[in-house]
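Structure first, then comments.
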Amino acid sequence: MPAEAGVEAQLRVALAALRAGDAARAAVVCRQLRAAGEDGAGLRQVLGLALLEQGRAGEAVGELEQAVAFDAANPFAAYNLGNALAACGRQRD
């Protein structure tokens, strides 16, 4: 299996965990991918959402800013960044 397919499979695992309400597991999977040198809009977005779900909005902002930087045309990343900023009390940013 090509490495890229493995990364996508792990991202699906993280997203499934997030959807099942296990934000901590989703964050662990994403951080393992980051530690292995992987990066990208999808990874940053899932990690940002997991952090936001855990009440760690400040950390989520950084991840979601990176998701937007990777893919500025992704409206979901921008929307999630807006939610994270609002959770930090930064509605005007």
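The values are calculated or read from the model by the stated rules, or taken from the named source; none is laboratory data. Note that the structure is predicted; figures quoted are calculated from it, not measured. Neighbour counts run over all protein chains shown; Cβ positions are idealised from the backbone, glycine included. Only protein heavy atoms, including side chains, enter the accessible area calculation; ligands, DNA and RNA are left aside. Shrake-Rupley method; radii C 1.70, N 1.55, O 1.52, S 1.80 Å.
So, with a 1.4 angstrom probe, what is the percent of accessible area on the chain that is carbon and sulfur? Present the calculation step by step, with values, prior to reporting the outcome.
Working: 2750 of 5320 Å².
Reported share for carbon and sulfur atoms: 52 percent.
How many percent of all Cα-Cα pairs in the stretch 1-41 sit more than 11 Å apart? Walk me through the numbers before you get to the answer.
Values: 489 of 820 pairs.
Cα-Cα pairs in the stretch 1-41 separated by more than 11 Å: 60 percent.
Which value at 222 nm does the chain reach when only helices count, each DSSP H run of 4 or more adding -39,500 (n - 2.57), with the total divided by all residues and rounded to the nearest 500 deg cm²/dmol? Kindly include the intermediate steps, with their values, before the conclusion.
Working: 5 runs with 70 residues, N = 93.
Computed ellipticity for the chain at 222 nm equals -24500 deg cm²/dmol.
Taking θ = phi - 60°, what integer Hz values does the Karplus form 6.51 cos²θ - 1.76 cosθ + 1.60 yield along the stretch 24-32, in sequence order, with x for Gly and Pro?
Whole-Hz 3J(HN,Hα) from phi for the stretch 24-32: 5, 5, 4, 5, 4, 4, 5, 5, 5.
So what is the relative contact order of the stretch 1-82, in percent, for Cα pairs below 8 Å that sit 6 or more residues apart?
Details: 95 pairs, mean separation 18.8, N = 82.
That works out to 23 percent.
Between ALA86 and ASP71, what length in nm is gained on full extension when 0.36 nm per residue of separation is reduced by their alpha carbon distance?
Working it through step by step, the gained length comes to 3.3 nm.
Using the Karplus curve 6.51 cos²θ - 1.76 cosθ + 1.60 with θ = phi - 60°, work out ³J(HN,Hα) for each residue of the stretch 53-60 in order, rounded to whole Hz, and write x for Gly and Pro.
Rounded to whole hertz, the list is 5, 8, x, 10, 4, x, 5, 4.
Based on Cβ point charges of +1 for Lys and Arg and -1 for Asp and Glu, what charge dipole magnitude is obtained for the stretch 20-93 about its Cα centre, in debye rounded to the nearest 20? Each step should come with its number before you reach the end.
Values: 7 positive and 9 negative charges, 29 e Å.
For this selection, approximately 140 debye.
Using bins 10 angstrom wide from zero, how does P(r) for the stretch 32-93 break down, in % of all Cα pairs?
Reading the bins upward from 0: 28, 54, 17, 1.
How much accessible area per residue does the stretch 1-72 have, counting only protein heavy atoms and a probe of 1.4 Å, in square angstrom? Provide the component values of the computation, followed by the final result.
Details: 3820 Å² over 72 residues.
Accessible surface, normalised per residue, equals 53 Å².
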